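First comes the structure, then the notes that go with it.
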Amino acid sequence: MSNKIKSPAIILAALLSLPFFGAAQTTRPLSLNEAIELSLQNSNQLKLSRAKILEASAALREARERRLPDASISGSYLRLNQPNVDLKLKLGSSQQNNSGNGSSTEGEPNTSSSVSVDQAAYAMANVSLPLFGGFRIQNGIESARYLQKAAELDGESDRDAVIANTIAAYSNLYKAQAALQLVRENLKQSQQRVSDFSSLEKNGLLARNDLLKAQLQQSNVELTLLDAENNWKLTNINMDLMLGLPQETLLIPDSLAFTRLADARSYADWEAQALESRKDALALDYRKKAADAGVRAAKGEYFPSLAVTGGYVAANIPNFITITNAVNLGLGLKYSPSSLWKTGARVTQAKAKQNQLEISQNILNDEIRLQVAQAYQSYLSSQKKIDVYRSAVEQAKENYRIVKNKYDNALATTTDLLDADLAQLQAQLNYAYAQADAVVAYRKLQQVSGVLQTPQQEKY
C-alpha cells in the first residue's frame, strides 16, 4: 500500500463508487484557502461580530452627538371657557376723562371694560448648546471610542477562531478521505489474499483454518470500511454546512495543503508574542480604558453644567394679546445639590467595574500563558510524531515483506502475515493523520499567540 494519497483523482474515483452519492451529486475540488474564504463569508459568528461593531459605532456617534445643540419646538392651540379677566393695568386719566363719563380717576385700575377670551395659541422654540458638563460628554465619547475598538478586536479574534476551526475541519475531511482510501486499498489486498488462499485450500496446499483467518480479516476490513465511509460522509456534510454549500456537494481536499510547517521560535518567543498580540487581551485593555473614562464621567456629576440658551416665543389670544418676535439669548447654569449624596454610589459602581476588568486581565494573561504552553507542546509533539510514523511506515513495509517471504517459505504462520498486514495499514493511517495534525497544531499555536495567518499569507 502507498503511504500517502497519490492524487485527488484516485480519491474521486474511489468515492464516486459509494452508494451514498447519487448521480445528481456534484464534486468540487476544494483548496484550504477557498475553504477559509467560504467559511468567513458564511460564518454566523462573524455576522454577529459585525452587528456588535455596528452597535458600538452607533454608540460612539451618539456620544459625539451630545456635543451638538439641543433644539425643541412646541406649540398649542387651546379652547377656553369664559374666564374672569381682571387687568391690573393702570391707564391714563386723560383717556378715561375723554370718554365723558368721569367715572375713572388717574391711578385707579380700569375694570369697566369687558374682555372676552375663549381661545389661545402659542408656539415656542428653544436651543441649548452645552459648554461644560463636568467632563461627562468628553469622557463619554472617550469611553465609547474605546468600546468600539474593543468590539473591532473581538471581531478580529472571532475571525481567527473561524479560520482555525476551518483548518481543523478541513484536516478532518482530509483524514477521513485518506483513511477511506487506505482501507479500500487494504480491502482489495484482503480480497485478493482470500482468493489466493481459497485456491490453495482447494488444492490441499493450505489448511482451512488459515483460509478462515484470512476471511475473518477481510470481514474486519469491510467493517472498518463501513466506519470509514460513515465518518467521511458526516465530515463532508459538516464541511458543506460550514461553508454554506449544498449538503450533496462532494468535496475533494488538496493533500498539498498539509505540507509540513516548521518554526524555530522558542516557547518564550511565542509567549511574548501572545501577550503582545492577542486580540482578546487588547480588547480587554481597551475596555479597561473605557472603564477609566466611566469613572471620570461618574465623578462629573459633582460639577454644575453650563450652556448657551436661546429661544423664541409667539402667542396669540384673540381680543386680548398678541406676542411676536420675543427672542431670548443667554447662559444657563444648572447644579443639583443632591449630587453630593447621590453620585457617590455611581462612582463606586464605576470603580468596581474598573477593578473587575483589572482582575479579568490578570486571569486572561494566565490563561494565555497556559494556552500557549499547551499549543506549543502539542506542536512539538506533532513534529516528532511525523518523524516517528514515517519510520514506522518504512519498518511496517519491511516487516511485511520479511513476513511474506517467510510465509511463502513456510517459516511464518498465516496469523503472522495478517498481523504484519494490519500493522502496515495502521502505520500508514498514523502517518497520514500525523501530517494533518501537525498543520492543525501549528495553526492553533499561531491562533493562541495572536498571529494566525491564512496559507496565502505565508511563503513555505
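The values are calculated or read from the model by the stated rules, or taken from the named source; none is laboratory data. These numbers were taken from a predicted model, which means no experiment stands behind them. So basically every Cβ, Gly included, is an ideal-geometry build from the backbone, and we count neighbours across all protein chains shown.
Brief remarks follow.
- Residues being under 26 Å from Ala420 (Cα atoms), crowded, with 16+ Cβ neighbours inside 10 Å and of a type in the set (Gly, Ala, Ser) - total across the stretch 355-402: 3
- Among (1) of a type in the set (Ser, Thr, Tyr); (2) at pLDDT 80 or above; (3) assigned to a helix (DSSP H, G or I), the one test that Ser94 misses: (2)
- Pairs, first farther than 27 Å from Leu282 by Cα in the stretch 432-460, second buried (at least 22 other Cβ atoms within 10 Å of the Cβ) and at pLDDT below 85, C-beta under 8 Å, six or more apart: Gln435/Phe258; Ala436/Phe258; Ala438/Phe258
- Evaluation of Gly133 against (1) buried (at least 22 other Cβ atoms within 10 Å of the Cβ); (2) modelled with pLDDT under 90 (one fails), failing number: (1)
- Members of the stretch 113-122 found to be modelled with pLDDT of 85 or more and either closer than 29 Å to Lys299 by Cα or surrounded by 15 or more Cβ atoms within 10 Å (Cβ to Cβ) (or both), listed by number: Ala120, Tyr122
- Residue in the stretch 421-441 that is of a type in the set (Asp, Glu), assigned to a helix (DSSP H, G or I) and more than 14 Å from Leu261 (Cα to Cα) present: yes
- Annotation note: Cβ proximity below 9 Å between a residue of the stretch 56-83 that is exposed (fewer than 10 other Cβ atoms within 10 Å of the Cβ) and a residue that is of a type outside the set (Phe, Trp, Tyr) and at pLDDT 90 or above (sequence gap 6+ or interchain) occurs for Ser74/Ala123; Ser74/Met124; Ser74/Ala125; Ser74/Asn126.
- Within the set Ala56, Ala35, the sole residue that is touching a helix residue (DSSP H, G or I) at 6+ places or on another chain (Cβ under 9 Å) and either within 30 Å of Leu131 (Cα to Cα) or at pLDDT below 90 (or both) turns out to be Ala56.
- Test: residue in the stretch 325-343 that is more than 30 Å from Phe132 (Cβ to Cβ) and not hydroxyl-bearing (Ser, Thr, Tyr): yes
- Criterion applied to Ile368, Ile402 was being closer than 22 Å to Ala283 by Cβ and in a helix (DSSP H, G or I), and the one residue passing it is Ile368.
- The stretch 136-172, subset of a type in the set (Lys, Arg) and modelled with pLDDT of 90 or more, residue farthest from Ile53 (Cα to Cα): Arg159
- Leu147 assigned to a helix (DSSP H, G or I), within 30 Å of Ala56 (Cβ to Cβ) and touching a helix residue (DSSP H, G or I) at 6+ places or on another chain (Cβ under 8 Å): yes
- Residues that are β-branched (Val, Ile, Thr) and assigned to a helix (DSSP H, G or I) were ranked within the stretch 213-258; the one that is nearest to Ser195 (Cα to Cα) is Val221.
- The sole residue among Ala352, Ala410, Ala345 that is modelled with pLDDT under 90, loosely packed, with under 14 Cβ neighbours inside 10 Å, among the aliphatic types (A, V, I, L, M) and farther than 30 Å from Gln218 by Cα is Ala345.
- If you check Arg193, Arg208, Arg159, Arg184 for being within 30 Å of Gln453 (Cα to Cα), out of contact with any Lys or Arg (no Cβ under 7 Å at 6 or more places or on another chain) and basic (Lys, Arg), only one passes: Arg159.
- Among (1) without any contact (Cβ under 8 Å) to a residue 24 or more places away in the chain; (2) under 26 Å from Asp437 (Cα atoms), the one test that Ala262 misses: (1)
- Scan the stretch 314-342 for residues that are touching a Phe, Trp or Tyr at 6+ places or on another chain (Cβ under 7 Å), surrounded by 14 or more Cβ atoms within 10 Å (Cβ to Cβ) and either in contact (Cβ under 8 Å) with a residue 60 or more places away in the chain or not small (Gly, Ala, Ser) (or both) and the total you get is 2.
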